[in-house]
Every structure is written in structure tokens, then in C-alpha cells.
Amino acid sequence: MTKDKKTTESSSKKVETSNKVEERNAESLQLQILAQYLKDVSFESPNSPYSLRAGQENPKTELSFNLETREIDKEKGSDLYEVAIKVTAKAMRGKDVVFITEVDYGTLVSMKGVPAEKIGPLLLIEVPRLTFPFVRKVIADLTQEGGFPPLLLNPVDFTSLYKKGSDKAKASKKTK
């Protein structure tokens, strides 16, 4: 019985030590959002007021979505990055454009103590996940102010997008 007790105590100490190391590592990794801002915004409703008349069929909306990242002051060894989410929504009724809205939303982040292999996932998964609700609100507000019901974008699975992008990059390296 004393043997089992010693083993249990020893393994619980290992778990505590392991948890403390993980906590320390998590504390040393720092991602800080310094600013969020509209880089560019556009709303066009070329067929207004005709496109606003009641009783018309619902428009079909096409969405395009793009993420861009860049390091700020790379030559100075800066830890600053910009992540830009670009969304374009084009609503059509037949051949007529109902509205087009474009939003380019930037986020400035600082990263300290982040290993190189974790920078990509942080910039392309975590930062967009945190800021996408703001982009969604801008688009909803723009369409509503244009006289239309608010266009509410569905949540985006940035993890899946990142994995698909990584898989494509690996596949293109193999074919070269």
C-alpha cells in the first residue's frame, strides 16, 4: 500500500510540474491587439431607388473573402504585424446589381516570445477570429444604411481555411 501511495504522489507532482511549465510557456507568448481600423470601405447601390421597391424577389448575394498579413518594420526587427480582412458582397437580382459593398478591415498586433512556427496560425486563425465580428457589423450596418435588410455574414472557420491553405502550399511544393 505504501508503494502505491508513493507512486500516486510522485505522478501528481509530475502533473503539477508539467502544468506549471505549460502555464509559464503560455505566459511568455504574448499576442496583443494594438489597433483595429477600417482601411477602406465602399457601398454602391447603382439602381436605387428602383432596387428598394417592395415585392421584388430576394437578391442573390456573392461573397468573396481574403486575408492578408504583413510584418511592419521588418528591417528594424519589429514584432508588429498587420492582418487585413477583405470582404466583398455583391447582391444581384437577375442581371441588375442591387448593391456592392467592400470592406478592408485592418488589425495591428504585437507578438512577443512567439516561435516562428506559431506566427502563421496566430495571424491567420486567432487574429481574424477575434476581429471578424467587427467586420460583420460594419457590413451589416452598411447594407442597412443603404436601405436594405442588414447582411449578416455567417461565422467563418479560420482554422479550416488555414489548414486548407497549408495543404495547398504543401501540395504545390511537392509538384515543383
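Would you confirm, using the coordinates I've provided, whether residue 124 is in contact with a Gly (Cβ under 9 Å, 6 or more places away or on another chain) and not in a strand (DSSP E or B)? The answer is yes for residue 124. Counting residues in region 90-97 that are buried (at least 17 other Cβ atoms within 10 Å of the Cβ) and more than 21 Å from residue 37 (Cβ to Cβ) gives one or more. Of all residues in region 45-82, those satisfying the criterion of being more than 17 Å from residue 142 (Cβ to Cβ), touching a residue at least 12 places away in the same chain (Cβ under 8 Å) and part of a strand (DSSP E or B) are 60, 66, 67, 68, 69, 70, 72, 80, 81, 82. Summed over region 64-79, residues that are closer than 18 Å to residue 157 by Cα and surrounded by 13 or more Cβ atoms within 10 Å (Cβ to Cβ) total 4.
Each reported figure results from applying straightforward, stated rules to the coordinates on display, with no laboratory input. Keep in mind that this is a model prediction, so the values were computed, not measured. As a convention, Cβ positions derive from the backbone with ideal geometry for all residues, glycine included, and neighbour counts pool all protein chains shown.
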